[in-house]
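None of the figures in this text is laboratory data; all of them are computed from the coordinates on show. Remember, it's a predicted structure, so these values are computed and weren't measured experimentally. Here the Cβ positions follow ideal geometry from the backbone for every residue, glycine too, while neighbour counts run over all protein chains shown.
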Amino acid sequence: MAEGLNRIPPYEWPEGYRAAVVFSADVDVESPYQWANRGKTPQRLGELEQRRFSPRRGLARLVDLLAQFGARGSFYVPGAVMEAYPWIVPGLRAEGHEVGLHGVYHEAMQTLDNARFDEVMDRSLEIYAAQGGRMPVGFRSPSWELAPHQVARLKRPEIAYDSSLMGMDHPYRLDGLTEIPVYWPIDDAIFFRYFGGGRDTSPPTSPAALLEAWLWEFDAVTAMGGLFMITVHPWMSGRASRIEMLRQLFTHISTQDDVWWTTAAEVASWHNSRHRDGPFDMLLDPVRTDF
């Protein structure tokens, strides 16, 4: 047996659960389109209409599906979407779901300096506050990317956790910032995003094939005591066949009585109360690039 390996102890979940599941949705609508076309005259109506399927149909279908299983989700909404569709945040909260921050215009956060990053965070909170209700505790960076210097900017009183990175497959802390990790293979965007017009190299994945892959991921991750963080986008996974795929996935999940199906905020609360200053605290070590 190899010696000296960093064998971190198994993650402990509450109430005897062996693993956890979070259903999350990034309610981007047209905000990435706005960011990509800033300062320009948009020319692609096809993409815009695809994205607007989210508030018209997709989002409600996902919320109704969760209700059928008595489950709550974590929804991350850009500030521009909150303003354009002022019923989304109050509507999600009324259904018992968590709402977190997701930039204003789905910015490429890693390209922003500290002043601009703080401006985006403050503006997001301002827009959310204007719609009333309890303030959000979670943040998810658009496109799941941050610059190293931005970790410190997220350690602010309003934010209990970030959900943008994937340094572990269960909650951890990075330089004091609680991280509820994501994972690309359980994100619908890399399988379903398709705009046509020569921009895509392959057709979307079949829902049947993705269901098999996600069932495999769920069984494997939960067997190891990890967090199964599903991430979808309503304009993609709100389509009929994909709703049916999720229904079959949820049916399987719901049979696992020893798996905690909850929100990212509740996972963060558990981690912050139980696992502070322990083996799951990581340092943001610098990487050598001077060679």
Output for the range 95-124, where each listed residue is assigned to a helix (DSSP H, G or I) and under 13 Å from Val81 (Cα atoms): Arg123, Ser124
Odd one out for Arg116, checked against (1) touching a Lys or Arg at 6+ places or on another chain (Cβ under 9 Å); (2) free of Cβ contacts under 8 Å to residues at least 60 places away in the same chain; (3) of a type outside the set (A, V, I, L, M, F, W, C): (1)
Subset of the range 1-46 [loosely packed, with under 13 Cβ neighbours inside 10 Å and closer than 30 Å to Leu66 by Cβ]: Pro10, Glu15, Gly16, Gly46
Tally, over the range 256-291, of residues that are closer than 18 Å to Arg140 by Cα and either without any contact (Cβ under 8 Å) to a residue 40 or more places away in the chain or acidic (Asp, Glu) (or both): 1
Test: residue in the range 260-277 that is in a strand (DSSP E or B), closer than 30 Å to Arg52 by Cα and in contact with an Asp or Glu (Cβ under 8 Å, 6 or more places away or on another chain): no
Helices (runs of 4 or more DSSP H) (entirely within the range 152-243) containing at least 3 residues that are surrounded by 14 or more Cβ atoms within 10 Å (Cβ to Cβ) and not aliphatic (A, V, I, L, M): 207-223, 234-237
Candidates Leu59, Leu48 - the one that is closer than 23 Å to Trp214 by Cβ and either touching a Lys or Arg at 6+ places or on another chain (Cβ under 8 Å) or not in a loop (DSSP other than H, G, I, E, B) (or both): Leu59
Tally, over the range 184-217, of residues that are within 20 Å of the chain's Cα centre (by Cα), of a type in the set (A, V, I, L, M) and over 22 Å from Pro142 (Cα atoms): 4
Checking Ala71 against (1) within 17 Å of the chain's Cα centre (by Cα); (2) in a helix (DSSP H, G or I); (3) not β-branched (Val, Ile, Thr), the condition it does not meet: (2)
Test: Thr205 is farther than 28 Å from Arg18 by Cα, touching a Phe, Trp or Tyr at 6+ places or on another chain (Cβ under 7 Å) and of a type in the set (Val, Ile, Thr): yes
